[in-house]
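The values are calculated or read from the model by the stated rules, or taken from the named source; none is laboratory data. A quick note: this is a predicted structure, and the numbers were derived from the prediction, not measured. Here the Cβ positions follow ideal geometry from the backbone for every residue, glycine too, while neighbour counts run over all protein chains shown. When the accessible area is computed, the model is the full protein with side chains, heavy atoms only, and any ligands, DNA or RNA have been set aside. Shrake-Rupley method; radii C 1.70, N 1.55, O 1.52, S 1.80 Å.
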Amino acid sequence: MWAVVAFVLAAVMIGAGIAQRTVFQGPDAQTAQFDVEEGVPYVLVDGGAMTAFAGPQTLRVQGEGELFAAYGRTADLEAWLADAEYAHVTADDAGVISTATVEPVVPEPTESAAADDAADEESAEEDVVPGRNPVGSDLWLDEYQQTDLLIAPLQLPADMSVLVAADGTEPAPTDLSVSWPIENSTPWAGPLIVGGAILMAVGLFLYVLGIRHVRRSRGPRRKGLPLPATEPIDIAVDDPDKGVISATPTRRTIGRGRRSLVAVPVIAASALVLGGCSADAWPDFGSTPTPSPTASVIVPEGQQAPAVTRPQAERILERVAATVAEADEAHDPDLAATRLEGAPLAERETLYTLQDAIDDREGLPAIPTTPLEVVLPQATDGWPRTFLAVVNDPEGTAATTMFLTQQDPWSDYKLSYYSYLEADTTLPDLAPVYVGATQVQPDSPFLIMEPQDLSAAYADVINNGEDSEYAPMFELDEDQFRIGVAADRQKRLDEFNETAESTGELTFSTEPGAEEPAALATLESGAIVAVTIEEIDTVKPTDDDAVIKLDNNPTVQTLTGVDESSEGFSTVYVDQLFFYVPGQGSSEKIRLLGYVSNILDAKVIE
(Lines give C-alpha, C1' and ligand atoms only; values in the text may rest on other atoms or scores of the structure.)
Protein backbone atom coordinates (compact mmCIF):
# COMPACT_ATOMS: atom_id res chain seq x y z
CA MET A 1 0.00 0.00 0.00
CA TRP A 2 2.80 2.43 0.94
CA ALA A 3 4.60 1.60 -2.32
CA VAL A 4 1.50 2.50 -4.30
CA VAL A 5 1.13 5.78 -2.38
CA ALA A 6 4.81 6.60 -3.06
CA PHE A 7 4.42 5.83 -6.77
CA VAL A 8 1.36 8.06 -7.04
CA LEU A 9 3.03 10.98 -5.23
CA ALA A 10 6.20 10.53 -7.31
CA ALA A 11 4.20 10.60 -10.53
CA VAL A 12 2.38 13.74 -9.40
CA MET A 13 5.61 15.53 -8.40
CA ILE A 14 7.55 14.59 -11.54
CA GLY A 15 4.59 15.43 -13.75
CA ALA A 16 4.18 18.82 -12.05
CA GLY A 17 7.90 19.59 -12.44
CA ILE A 18 7.95 18.64 -16.11
CA ALA A 19 4.75 20.58 -16.74
CA GLN A 20 6.34 23.74 -15.28
CA ARG A 21 9.19 23.43 -17.77
CA THR A 22 6.94 22.64 -20.76
CA VAL A 23 3.21 23.25 -21.09
CA PHE A 24 2.93 25.75 -18.23
CA GLN A 25 6.08 27.73 -19.09
CA GLY A 26 5.39 31.04 -20.88
CA PRO A 27 7.47 32.77 -23.57
CA ASP A 28 11.00 33.80 -22.63
CA ALA A 29 11.02 37.15 -24.48
CA GLN A 30 8.78 39.91 -25.77
CA THR A 31 9.55 41.64 -29.05
CA ALA A 32 8.72 45.05 -30.48
CA GLN A 33 8.81 45.40 -34.26
CA PHE A 34 9.59 48.95 -35.43
CA ASP A 35 7.68 50.43 -38.33
CA VAL A 36 10.38 52.37 -40.22
CA GLU A 37 9.74 54.43 -43.34
CA GLU A 38 11.67 53.31 -46.39
CA GLY A 39 14.27 55.50 -48.05
CA VAL A 40 15.83 57.27 -45.04
CA PRO A 41 19.60 56.72 -44.63
CA TYR A 42 19.58 56.42 -40.83
CA VAL A 43 17.38 55.09 -38.04
CA LEU A 44 17.75 56.41 -34.50
CA VAL A 45 16.21 54.15 -31.85
CA ASP A 46 15.78 56.38 -28.82
CA GLY A 47 16.77 55.26 -25.35
CA GLY A 48 13.11 55.45 -24.30
CA ALA A 49 12.21 52.85 -26.91
CA MET A 50 15.16 50.66 -25.97
CA THR A 51 14.06 50.70 -22.31
CA ALA A 52 10.32 50.41 -22.96
CA PHE A 53 10.50 47.11 -21.08
CA ALA A 54 12.83 46.07 -18.28
CA GLY A 55 15.89 43.95 -18.84
CA PRO A 56 18.71 43.71 -21.39
CA GLN A 57 17.86 44.34 -25.02
CA THR A 58 18.59 42.31 -28.15
CA LEU A 59 18.62 44.37 -31.34
CA ARG A 60 17.79 42.50 -34.54
CA VAL A 61 18.29 44.12 -37.95
CA GLN A 62 17.65 42.32 -41.22
CA GLY A 63 18.41 43.58 -44.69
CA GLU A 64 20.60 43.07 -47.72
CA GLY A 65 24.35 43.63 -47.71
CA GLU A 66 26.39 45.29 -44.98
CA LEU A 67 24.44 46.41 -41.92
CA PHE A 68 25.68 48.80 -39.26
CA ALA A 69 24.58 49.58 -35.72
CA ALA A 70 26.19 51.68 -33.00
CA TYR A 71 25.19 53.04 -29.64
CA GLY A 72 26.18 56.11 -27.68
CA ARG A 73 24.81 59.00 -25.71
CA THR A 74 21.53 60.23 -27.14
CA ALA A 75 22.75 63.84 -27.28
CA ASP A 76 25.84 62.77 -29.25
CA LEU A 77 23.84 60.75 -31.78
CA GLU A 78 21.34 63.56 -32.29
CA ALA A 79 24.21 66.02 -32.82
CA TRP A 80 25.79 63.71 -35.40
CA LEU A 81 22.44 63.43 -37.22
CA ALA A 82 21.63 67.14 -36.99
CA ASP A 83 22.21 67.80 -40.70
CA ALA A 84 20.70 64.53 -41.99
CA GLU A 85 17.26 63.04 -42.49
CA TYR A 86 16.53 60.05 -40.26
CA ALA A 87 13.75 57.96 -38.78
CA HIS A 88 13.35 58.47 -35.05
CA VAL A 89 11.89 55.60 -33.00
CA THR A 90 10.58 56.81 -29.63
CA ALA A 91 8.33 55.63 -26.80
CA ASP A 92 5.92 57.62 -24.65
CA ASP A 93 5.45 57.33 -20.89
CA ALA A 94 3.05 54.44 -21.37
CA GLY A 95 5.62 52.48 -23.38
CA VAL A 96 3.86 52.96 -26.72
CA ILE A 97 6.48 52.94 -29.48
CA SER A 98 6.14 55.19 -32.51
CA THR A 99 8.29 56.30 -35.45
CA ALA A 100 8.62 59.72 -37.07
CA THR A 101 10.86 61.11 -39.80
CA VAL A 102 13.12 63.98 -38.69
CA GLU A 103 14.16 66.52 -41.30
CA PRO A 104 17.70 67.92 -41.31
CA VAL A 105 18.41 71.19 -39.56
CA VAL A 106 19.25 73.75 -42.25
CA PRO A 107 21.10 76.95 -41.25
CA GLU A 108 19.54 80.31 -41.99
CA PRO A 109 20.27 81.50 -45.54
CA THR A 110 22.81 84.28 -46.02
CA GLU A 111 21.79 87.81 -47.08
CA SER A 112 23.15 87.35 -50.58
CA ALA A 113 21.20 84.10 -50.99
CA ALA A 114 18.00 85.58 -49.59
CA ALA A 115 17.63 87.78 -52.67
CA ASP A 116 17.00 84.81 -54.85
CA ASP A 117 14.68 81.93 -53.86
CA ALA A 118 16.48 79.51 -56.12
CA ALA A 119 19.79 80.45 -54.58
CA ASP A 120 18.23 79.95 -51.15
CA GLU A 121 17.23 76.40 -51.99
CA GLU A 122 20.59 75.58 -53.53
CA SER A 123 22.44 77.01 -50.55
CA ALA A 124 20.30 75.00 -48.14
CA GLU A 125 20.98 71.81 -50.05
CA GLU A 126 24.71 72.45 -49.91
CA ASP A 127 24.56 72.87 -46.14
CA VAL A 128 23.17 69.35 -45.73
CA VAL A 129 25.84 66.67 -45.82
CA PRO A 130 24.35 63.50 -47.32
CA GLY A 131 25.92 60.09 -47.39
CA ARG A 132 28.14 60.37 -44.31
CA ASN A 133 29.37 56.90 -43.42
CA PRO A 134 28.91 56.21 -39.70
CA VAL A 135 31.49 53.42 -39.58
CA GLY A 136 34.43 54.22 -37.32
CA SER A 137 33.18 57.44 -35.72
CA ASP A 138 34.86 58.29 -32.43
CA LEU A 139 31.45 59.20 -30.97
CA TRP A 140 30.21 55.63 -30.70
CA LEU A 141 30.68 53.73 -27.48
CA ASP A 142 30.61 50.56 -29.55
CA GLU A 143 29.59 49.53 -33.05
CA TYR A 144 28.58 46.37 -34.92
CA GLN A 145 28.87 45.33 -38.57
CA GLN A 146 27.35 42.19 -40.06
CA THR A 147 26.01 41.07 -43.42
CA ASP A 148 22.28 40.56 -44.10
CA LEU A 149 21.44 39.89 -40.45
CA LEU A 150 22.73 41.86 -37.48
CA ILE A 151 22.03 40.74 -33.92
CA ALA A 152 23.47 42.84 -31.08
CA PRO A 153 22.97 42.07 -27.38
CA LEU A 154 22.74 45.35 -25.49
CA GLN A 155 22.07 46.66 -22.01
CA LEU A 156 21.56 50.39 -22.45
CA PRO A 157 20.23 52.97 -20.01
CA ALA A 158 17.55 55.47 -20.99
CA ASP A 159 20.06 58.21 -21.88
CA MET A 160 21.68 56.14 -24.64
CA SER A 161 20.33 55.41 -28.10
CA VAL A 162 21.11 53.20 -31.09
CA LEU A 163 21.94 54.26 -34.65
CA VAL A 164 21.16 51.85 -37.49
CA ALA A 165 22.29 52.38 -41.08
CA ALA A 166 23.75 50.73 -44.15
CA ASP A 167 26.57 53.03 -45.27
CA GLY A 168 24.92 56.44 -44.96
CA THR A 169 24.20 56.59 -48.68
CA GLU A 170 21.97 53.58 -49.22
CA PRO A 171 18.60 53.49 -47.41
CA ALA A 172 18.73 52.12 -43.90
CA PRO A 173 17.20 48.67 -43.28
CA THR A 174 13.53 48.74 -42.30
CA ASP A 175 13.24 45.32 -40.65
CA LEU A 176 14.15 46.27 -37.08
CA SER A 177 13.06 44.81 -33.78
CA VAL A 178 14.12 44.76 -30.15
CA SER A 179 13.50 41.89 -27.74
CA TRP A 180 13.46 41.90 -23.94
CA PRO A 181 13.61 38.77 -21.77
CA ILE A 182 10.56 37.73 -19.74
CA GLU A 183 10.96 36.24 -16.30
CA ASN A 184 9.76 32.66 -16.76
CA SER A 185 12.00 30.76 -14.39
CA THR A 186 10.53 27.74 -12.58
CA PRO A 187 12.55 27.52 -9.35
CA TRP A 188 10.50 24.57 -8.00
CA ALA A 189 10.64 22.43 -11.13
CA GLY A 190 14.01 20.97 -10.19
CA PRO A 191 13.11 20.15 -6.59
CA LEU A 192 9.78 18.59 -7.70
CA ILE A 193 11.45 16.36 -10.28
CA VAL A 194 14.28 15.34 -7.95
CA GLY A 195 11.88 14.80 -5.06
CA GLY A 196 9.61 12.72 -7.28
CA ALA A 197 12.54 10.60 -8.44
CA ILE A 198 13.61 10.00 -4.85
CA LEU A 199 10.05 9.15 -3.86
CA MET A 200 9.83 6.76 -6.80
CA ALA A 201 12.98 5.00 -5.62
CA VAL A 202 11.48 4.77 -2.12
CA GLY A 203 8.29 3.34 -3.59
CA LEU A 204 10.26 0.79 -5.56
CA PHE A 205 12.09 -0.26 -2.40
CA LEU A 206 8.79 -0.57 -0.52
CA TYR A 207 7.33 -2.58 -3.39
CA VAL A 208 10.23 -5.05 -3.30
CA LEU A 209 9.88 -5.40 0.47
CA GLY A 210 6.15 -5.96 0.10
CA ILE A 211 6.54 -8.70 -2.52
CA ARG A 212 9.18 -10.42 -0.45
CA HIS A 213 7.00 -10.28 2.62
CA VAL A 214 3.98 -11.70 0.76
CA ARG A 215 5.98 -14.59 -0.70
CA ARG A 216 7.53 -15.50 2.63
CA SER A 217 4.20 -15.51 4.37
CA ARG A 218 2.22 -17.42 1.64
CA GLY A 219 0.39 -20.71 2.85
CA PRO A 220 1.08 -23.18 5.79
CA ARG A 221 4.49 -24.72 6.44
CA ARG A 222 4.92 -28.62 6.32
CA LYS A 223 7.26 -30.36 8.79
CA GLY A 224 10.03 -32.63 7.61
CA LEU A 225 10.69 -30.75 4.42
CA PRO A 226 14.18 -29.29 4.21
CA LEU A 227 13.06 -26.08 2.53
CA PRO A 228 10.26 -23.60 3.18
CA ALA A 229 6.94 -24.35 1.53
CA THR A 230 7.20 -21.17 -0.42
CA GLU A 231 10.15 -22.57 -2.36
CA PRO A 232 9.09 -24.69 -5.43
CA ILE A 233 9.97 -28.44 -5.20
CA ASP A 234 10.61 -30.90 -7.99
CA ILE A 235 9.12 -34.37 -7.11
CA ALA A 236 10.49 -37.47 -8.82
CA VAL A 237 9.85 -41.30 -8.42
CA ASP A 238 13.21 -43.00 -7.95
CA ASP A 239 11.98 -46.63 -7.85
CA PRO A 240 8.38 -47.24 -8.81
CA ASP A 241 8.55 -50.88 -7.59
CA LYS A 242 9.67 -49.90 -4.09
CA GLY A 243 7.67 -46.66 -3.93
CA VAL A 244 10.73 -44.44 -3.23
CA ILE A 245 10.04 -40.75 -3.81
CA SER A 246 12.60 -37.84 -3.66
CA ALA A 247 12.02 -34.05 -3.49
CA THR A 248 14.57 -31.44 -4.76
CA PRO A 249 14.18 -27.64 -4.31
CA THR A 250 14.29 -25.56 -7.50
CA ARG A 251 16.40 -22.38 -7.56
CA ARG A 252 14.61 -19.25 -8.81
CA THR A 253 16.40 -16.39 -10.47
CA ILE A 254 13.52 -14.92 -12.42
CA GLY A 255 12.36 -12.69 -9.56
CA ARG A 256 15.73 -11.00 -9.11
CA GLY A 257 16.04 -10.38 -12.82
CA ARG A 258 12.66 -8.72 -12.97
CA ARG A 259 13.45 -6.40 -10.05
CA SER A 260 16.68 -5.28 -11.76
CA LEU A 261 14.84 -4.67 -15.01
CA VAL A 262 12.31 -2.50 -13.19
CA ALA A 263 14.97 -0.41 -11.39
CA VAL A 264 17.01 0.41 -14.50
CA PRO A 265 14.25 2.29 -16.40
CA VAL A 266 13.39 4.31 -13.30
CA ILE A 267 17.00 5.45 -12.80
CA ALA A 268 17.44 6.17 -16.52
CA ALA A 269 14.22 8.19 -16.66
CA SER A 270 15.29 10.24 -13.63
CA ALA A 271 18.68 10.97 -15.19
CA LEU A 272 17.08 12.12 -18.43
CA VAL A 273 14.64 14.38 -16.62
CA LEU A 274 17.35 15.90 -14.40
CA GLY A 275 19.59 16.47 -17.43
CA GLY A 276 17.03 18.87 -18.90
CA CYS A 277 16.89 21.12 -15.81
CA SER A 278 18.84 24.38 -16.13
CA ALA A 279 19.85 26.84 -13.41
CA ASP A 280 16.49 28.66 -13.53
CA ALA A 281 14.76 25.41 -12.51
CA TRP A 282 16.19 25.71 -9.00
CA PRO A 283 15.61 28.23 -6.21
CA ASP A 284 18.46 30.62 -5.51
CA PHE A 285 19.56 30.33 -1.91
CA GLY A 286 22.84 32.18 -2.45
CA SER A 287 23.68 35.04 -0.15
CA THR A 288 23.86 38.59 -1.47
CA PRO A 289 27.51 39.73 -1.67
CA THR A 290 28.46 42.58 0.60
CA PRO A 291 29.81 45.53 -1.39
CA SER A 292 33.22 46.81 -0.43
CA PRO A 293 33.48 50.51 0.40
CA THR A 294 35.07 52.80 -2.20
CA ALA A 295 36.06 56.43 -2.14
CA SER A 296 33.14 58.70 -2.96
CA VAL A 297 33.38 61.59 -5.40
CA ILE A 298 30.84 64.38 -5.20
CA VAL A 299 29.72 65.40 -8.67
CA PRO A 300 29.20 69.16 -8.91
CA GLU A 301 25.59 70.16 -9.42
CA GLY A 302 24.77 70.65 -13.08
CA GLN A 303 27.95 68.95 -14.33
CA GLN A 304 27.44 67.28 -17.69
CA ALA A 305 28.32 63.75 -18.71
CA PRO A 306 31.94 62.75 -19.45
CA ALA A 307 32.94 63.05 -23.10
CA VAL A 308 34.30 59.49 -23.40
CA THR A 309 34.31 56.21 -21.53
CA ARG A 310 37.47 54.23 -20.80
CA PRO A 311 36.86 51.63 -23.58
CA GLN A 312 36.06 54.48 -25.96
CA ALA A 313 39.31 56.26 -25.03
CA GLU A 314 41.28 53.04 -25.58
CA ARG A 315 39.74 52.61 -29.03
CA ILE A 316 40.45 56.25 -29.96
CA LEU A 317 44.08 55.96 -28.87
CA GLU A 318 44.52 52.81 -30.94
CA ARG A 319 43.10 54.56 -34.02
CA VAL A 320 45.33 57.60 -33.50
CA ALA A 321 48.41 55.44 -33.04
CA ALA A 322 47.62 53.32 -36.11
CA THR A 323 47.07 56.36 -38.35
CA VAL A 324 50.21 58.16 -37.14
CA ALA A 325 52.28 54.99 -37.60
CA GLU A 326 51.02 54.74 -41.18
CA ALA A 327 51.80 58.41 -41.79
CA ASP A 328 55.30 57.98 -40.32
CA GLU A 329 55.93 55.04 -42.62
CA ALA A 330 54.83 56.97 -45.71
CA HIS A 331 56.13 60.41 -44.59
CA ASP A 332 52.61 61.68 -45.32
CA PRO A 333 51.75 64.95 -43.49
CA ASP A 334 48.20 64.98 -44.88
CA LEU A 335 47.47 61.59 -43.36
CA ALA A 336 49.07 62.66 -40.09
CA ALA A 337 46.81 65.74 -40.06
CA THR A 338 43.75 63.48 -39.78
CA ARG A 339 44.83 62.51 -36.25
CA LEU A 340 47.29 65.24 -35.17
CA GLU A 341 47.02 68.99 -34.68
CA GLY A 342 49.01 71.83 -33.18
CA ALA A 343 52.57 71.13 -32.08
CA PRO A 344 52.39 67.31 -32.58
CA LEU A 345 51.46 67.85 -36.23
CA ALA A 346 53.98 70.67 -36.81
CA GLU A 347 56.91 68.65 -35.47
CA ARG A 348 56.03 65.65 -37.66
CA GLU A 349 55.69 67.80 -40.77
CA THR A 350 59.23 69.01 -40.08
CA LEU A 351 60.38 65.46 -39.43
CA TYR A 352 59.04 64.16 -42.76
CA THR A 353 60.88 66.95 -44.60
CA LEU A 354 64.12 65.99 -42.90
CA GLN A 355 63.64 62.25 -43.46
CA ASP A 356 63.04 62.77 -47.17
CA ALA A 357 66.37 64.61 -47.43
CA ILE A 358 68.53 62.83 -44.83
CA ASP A 359 68.82 59.06 -45.17
CA ASP A 360 69.73 58.23 -41.59
CA ARG A 361 67.36 60.71 -39.93
CA GLU A 362 65.61 58.97 -37.05
CA GLY A 363 61.88 59.22 -36.59
CA LEU A 364 59.81 60.10 -33.54
CA PRO A 365 58.58 57.44 -31.10
CA ALA A 366 55.24 55.81 -31.90
CA ILE A 367 52.13 56.95 -30.06
CA PRO A 368 51.75 54.55 -27.10
CA THR A 369 48.41 52.91 -26.36
CA THR A 370 48.92 50.41 -23.54
CA PRO A 371 48.86 50.10 -20.65
CA LEU A 372 46.40 52.96 -20.30
CA GLU A 373 46.80 54.18 -16.74
CA VAL A 374 44.62 57.32 -16.53
CA VAL A 375 41.63 58.60 -18.48
CA LEU A 376 40.20 61.99 -17.50
CA PRO A 377 37.44 63.11 -19.88
CA GLN A 378 35.99 66.57 -20.03
CA ALA A 379 32.44 66.67 -18.69
CA THR A 380 30.50 68.33 -21.50
CA ASP A 381 27.67 67.84 -23.96
CA GLY A 382 29.09 70.30 -26.48
CA TRP A 383 32.16 70.78 -28.64
CA PRO A 384 35.11 71.07 -28.78
CA ARG A 385 35.68 68.36 -26.18
CA THR A 386 38.90 67.00 -24.69
CA PHE A 387 40.20 64.12 -22.63
CA LEU A 388 43.47 63.46 -20.86
CA ALA A 389 45.20 60.08 -21.18
CA VAL A 390 48.28 58.75 -19.42
CA VAL A 391 49.95 55.64 -20.85
CA ASN A 392 52.67 53.88 -18.91
CA ASP A 393 55.77 52.68 -20.69
CA PRO A 394 55.80 48.85 -20.78
CA GLU A 395 59.56 48.97 -20.18
CA GLY A 396 59.09 51.00 -17.02
CA THR A 397 60.65 54.29 -18.19
CA ALA A 398 58.85 57.59 -18.78
CA ALA A 399 55.08 57.51 -19.11
CA THR A 400 53.31 59.55 -21.79
CA THR A 401 50.58 62.06 -21.04
CA MET A 402 48.32 63.33 -23.83
CA PHE A 403 45.44 65.68 -24.54
CA LEU A 404 43.13 64.64 -27.38
CA THR A 405 40.48 66.98 -28.77
CA GLN A 406 37.41 66.61 -30.97
CA GLN A 407 36.30 69.79 -32.69
CA ASP A 408 32.74 68.79 -33.67
CA PRO A 409 30.49 65.70 -33.81
CA TRP A 410 31.70 64.72 -37.27
CA SER A 411 35.45 65.08 -36.62
CA ASP A 412 37.83 62.50 -35.26
CA TYR A 413 39.74 63.05 -32.04
CA LYS A 414 43.19 64.50 -32.68
CA LEU A 415 46.28 64.49 -30.52
CA SER A 416 46.78 68.15 -29.58
CA TYR A 417 49.43 67.84 -26.83
CA TYR A 418 51.73 65.13 -25.52
CA SER A 419 54.78 64.93 -23.28
CA TYR A 420 56.84 62.44 -21.27
CA LEU A 421 56.35 62.50 -17.53
CA GLU A 422 59.41 62.80 -15.33
CA ALA A 423 60.34 59.57 -13.58
CA ASP A 424 59.36 60.72 -10.10
CA THR A 425 56.28 62.68 -11.16
CA THR A 426 53.18 62.30 -9.02
CA LEU A 427 49.93 63.33 -10.65
CA PRO A 428 47.40 65.26 -8.60
CA ASP A 429 44.17 63.56 -7.56
CA LEU A 430 41.85 63.27 -10.55
CA ALA A 431 38.14 62.55 -10.88
CA PRO A 432 37.17 59.02 -11.99
CA VAL A 433 36.44 58.47 -15.65
CA TYR A 434 32.69 58.04 -15.06
CA VAL A 435 32.52 61.55 -13.53
CA GLY A 436 34.87 63.56 -15.70
CA ALA A 437 36.33 67.00 -15.13
CA THR A 438 35.33 70.51 -16.07
CA GLN A 439 37.41 72.37 -18.61
CA VAL A 440 39.32 75.33 -17.20
CA GLN A 441 39.00 78.40 -19.39
CA PRO A 442 42.19 80.18 -20.54
CA ASP A 443 41.32 83.27 -18.49
CA SER A 444 40.13 81.40 -15.39
CA PRO A 445 40.76 83.46 -12.21
CA PHE A 446 40.39 80.41 -9.95
CA LEU A 447 44.00 79.28 -10.39
CA ILE A 448 47.10 80.97 -9.00
CA MET A 449 47.95 81.77 -12.64
CA GLU A 450 45.62 81.99 -15.62
CA PRO A 451 46.34 79.24 -18.17
CA GLN A 452 46.73 81.83 -20.95
CA ASP A 453 49.62 83.46 -19.03
CA LEU A 454 51.43 80.25 -18.16
CA SER A 455 53.42 79.92 -21.41
CA ALA A 456 54.82 83.45 -21.30
CA ALA A 457 55.62 83.19 -17.58
CA TYR A 458 57.53 79.94 -17.93
CA ALA A 459 59.37 81.25 -21.02
CA ASP A 460 60.56 84.15 -18.88
CA VAL A 461 61.74 81.68 -16.22
CA ILE A 462 63.74 79.79 -18.87
CA ASN A 463 65.31 83.04 -20.07
CA ASN A 464 66.09 84.58 -16.68
CA GLY A 465 66.15 81.66 -14.25
CA GLU A 466 65.67 82.57 -10.61
CA ASP A 467 65.87 86.26 -11.50
CA SER A 468 62.51 86.03 -13.30
CA GLU A 469 59.62 87.80 -11.62
CA TYR A 470 57.60 84.58 -12.04
CA ALA A 471 60.23 82.30 -10.50
CA PRO A 472 58.64 82.33 -6.98
CA MET A 473 55.45 80.85 -8.45
CA PHE A 474 57.18 77.74 -9.88
CA GLU A 475 58.71 74.71 -8.19
CA LEU A 476 62.18 75.17 -9.72
CA ASP A 477 64.32 72.82 -7.64
CA GLU A 478 62.69 69.69 -9.11
CA ASP A 479 62.27 71.10 -12.63
CA GLN A 480 64.60 68.83 -14.62
CA PHE A 481 63.60 70.41 -17.91
CA ARG A 482 64.76 73.90 -16.91
CA ILE A 483 67.96 72.51 -15.43
CA GLY A 484 68.63 70.50 -18.59
CA VAL A 485 68.00 73.46 -20.91
CA ALA A 486 70.38 75.67 -18.96
CA ALA A 487 73.11 73.04 -18.95
CA ASP A 488 72.71 72.30 -22.68
CA ARG A 489 72.86 75.98 -23.59
CA GLN A 490 76.02 76.56 -21.57
CA LYS A 491 77.72 73.52 -23.11
CA ARG A 492 76.92 74.56 -26.68
CA LEU A 493 77.96 78.14 -26.00
CA ASP A 494 81.32 77.01 -24.63
CA GLU A 495 81.91 74.79 -27.68
CA PHE A 496 80.97 77.62 -30.05
CA ASN A 497 83.22 80.17 -28.34
CA GLU A 498 86.21 77.85 -28.62
CA THR A 499 86.17 78.12 -32.42
CA ALA A 500 84.16 81.17 -33.42
CA GLU A 501 84.12 83.61 -30.54
CA SER A 502 85.93 86.29 -32.47
CA THR A 503 83.90 85.97 -35.65
CA GLY A 504 80.37 85.06 -34.51
CA GLU A 505 77.94 84.83 -31.64
CA LEU A 506 75.41 82.27 -30.43
CA THR A 507 72.40 83.46 -28.44
CA PHE A 508 69.37 81.77 -26.95
CA SER A 509 65.84 82.99 -26.30
CA THR A 510 62.50 81.54 -25.35
CA GLU A 511 59.05 82.72 -26.41
CA PRO A 512 55.49 81.60 -25.62
CA GLY A 513 54.01 79.17 -28.11
CA ALA A 514 51.19 79.94 -30.49
CA GLU A 515 48.85 77.14 -29.37
CA GLU A 516 45.94 77.72 -27.02
CA PRO A 517 46.42 76.08 -23.62
CA ALA A 518 44.46 72.94 -22.74
CA ALA A 519 43.35 72.53 -19.13
CA LEU A 520 41.18 70.15 -17.09
CA ALA A 521 40.33 70.59 -13.41
CA THR A 522 41.64 68.31 -10.66
CA LEU A 523 39.92 67.33 -7.42
CA GLU A 524 41.88 69.89 -5.36
CA SER A 525 40.46 72.84 -7.35
CA GLY A 526 43.65 72.99 -9.37
CA ALA A 527 44.20 72.05 -13.02
CA ILE A 528 46.46 70.13 -15.35
CA VAL A 529 47.48 72.64 -18.03
CA ALA A 530 49.33 71.96 -21.28
CA VAL A 531 51.12 74.76 -23.13
CA THR A 532 53.92 75.20 -25.66
CA ILE A 533 57.00 77.39 -25.68
CA GLU A 534 59.50 77.96 -28.47
CA GLU A 535 63.25 77.91 -27.94
CA ILE A 536 65.15 79.93 -30.52
CA ASP A 537 68.86 79.47 -31.16
CA THR A 538 70.41 82.28 -33.18
CA VAL A 539 73.89 82.20 -34.67
CA LYS A 540 75.26 85.10 -36.71
CA PRO A 541 78.65 86.51 -37.69
CA THR A 542 80.15 89.50 -35.88
CA ASP A 543 82.72 90.15 -38.59
CA ASP A 544 81.58 91.77 -41.83
CA ASP A 545 83.75 89.40 -43.82
CA ALA A 546 82.63 86.25 -42.00
CA VAL A 547 79.88 83.82 -43.04
CA ILE A 548 78.10 81.02 -41.19
CA LYS A 549 78.53 77.71 -42.95
CA LEU A 550 76.36 74.61 -42.46
CA ASP A 551 78.84 71.94 -43.49
CA ASN A 552 78.17 69.86 -40.37
CA ASN A 553 74.52 70.72 -39.88
CA PRO A 554 72.35 68.89 -42.46
CA THR A 555 69.19 69.60 -40.45
CA VAL A 556 69.37 73.39 -40.74
CA GLN A 557 70.73 73.05 -44.27
CA THR A 558 67.67 71.02 -45.30
CA LEU A 559 65.16 73.36 -43.66
CA THR A 560 66.71 76.57 -44.99
CA GLY A 561 67.77 75.26 -48.39
CA VAL A 562 71.17 77.00 -48.29
CA ASP A 563 74.70 76.02 -47.30
CA GLU A 564 75.87 79.32 -45.79
CA SER A 565 74.74 82.81 -44.91
CA SER A 566 76.45 86.07 -44.17
CA GLU A 567 73.53 87.11 -41.94
CA GLY A 568 73.21 83.95 -39.87
CA PHE A 569 70.55 81.39 -38.98
CA SER A 570 67.86 80.91 -36.38
CA THR A 571 66.59 77.47 -35.33
CA VAL A 572 63.28 77.02 -33.54
CA TYR A 573 62.43 74.13 -31.19
CA VAL A 574 58.92 73.57 -29.88
CA ASP A 575 58.47 72.34 -26.31
CA GLN A 576 55.20 70.77 -25.13
CA LEU A 577 54.85 71.17 -21.37
CA PHE A 578 52.34 69.80 -18.86
CA PHE A 579 51.95 71.64 -15.54
CA TYR A 580 49.94 71.24 -12.39
CA VAL A 581 48.60 74.68 -11.47
CA PRO A 582 47.11 74.91 -7.95
CA GLY A 583 43.94 76.77 -7.16
CA GLN A 584 43.70 80.15 -5.54
CA GLY A 585 44.51 80.04 -1.83
CA SER A 586 46.79 77.00 -2.15
CA SER A 587 50.25 77.07 -0.61
CA GLU A 588 51.62 74.89 -3.43
CA LYS A 589 53.61 76.15 -6.39
CA ILE A 590 53.19 75.46 -10.10
CA ARG A 591 54.81 72.10 -10.79
CA LEU A 592 56.13 70.78 -14.11
CA LEU A 593 54.77 67.29 -14.80
CA GLY A 594 56.23 66.40 -18.20
CA TYR A 595 57.86 67.76 -21.32
CA VAL A 596 59.01 66.92 -24.85
CA SER A 597 61.10 69.00 -27.26
CA ASN A 598 61.60 68.70 -31.04
CA ILE A 599 62.84 70.87 -33.86
CA LEU A 600 60.17 72.95 -35.52
CA ASP A 601 61.85 75.17 -38.11
CA ALA A 602 65.03 76.89 -39.23
CA LYS A 603 65.46 79.97 -41.39
CA VAL A 604 68.02 82.44 -42.69
CA ILE A 605 68.17 85.72 -40.80
CA GLU A 606 67.13 88.57 -43.05
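At-a-glance table
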item: Contour excess over end-to-end distance, with Cα ends at Ser587 and Asp142 and 0.36 nm allotted per residue; result: 155.8 nm
item: Label point distance in nm, Ala398-Ser566, each placed 7 Å from Cα along Cα→Cβ; result: 4.2 nm
item: Linear extension gain, Gln304 paired with Glu66, 0.36 nm per residue minus alpha-carbon span; result: 82.2 nm
item: At R0 = 60 Å, FRET efficiency that the Cβ-Cβ distance of Glu318 and Glu606 yields, to 0.05; result: 0.85
item: Accessible area per residue, Å², the range 295-365 with all protein chains present, probe 1.4 Å; result: 52 Å²
item: Label-point gap, in nm, between Val105 and Ala11 - each point 7 angstrom along Cα→Cβ; result: 7.2 nm
item: Heavy-atom accessible area per residue - the range 401-451, 1.4 Å, Å²; result: 42 Å²
item: Pairwise label distance in nanometres, Gln30 with Glu524, each label 7 Å out on the Cα-Cβ vector; result: 5.4 nm
item: Filter on Lys491/Lys540; Lys414/Lys491; Lys414/Lys540 - keep pairs with C-alpha separation over 28 Å; result: Lys414/Lys491; Lys414/Lys540
item: Charge tally in the Cβ shell below 10 Å around Phe68, where Lys, Arg are +1 and Asp, Glu are -1, Phe68 excluded; result: -3
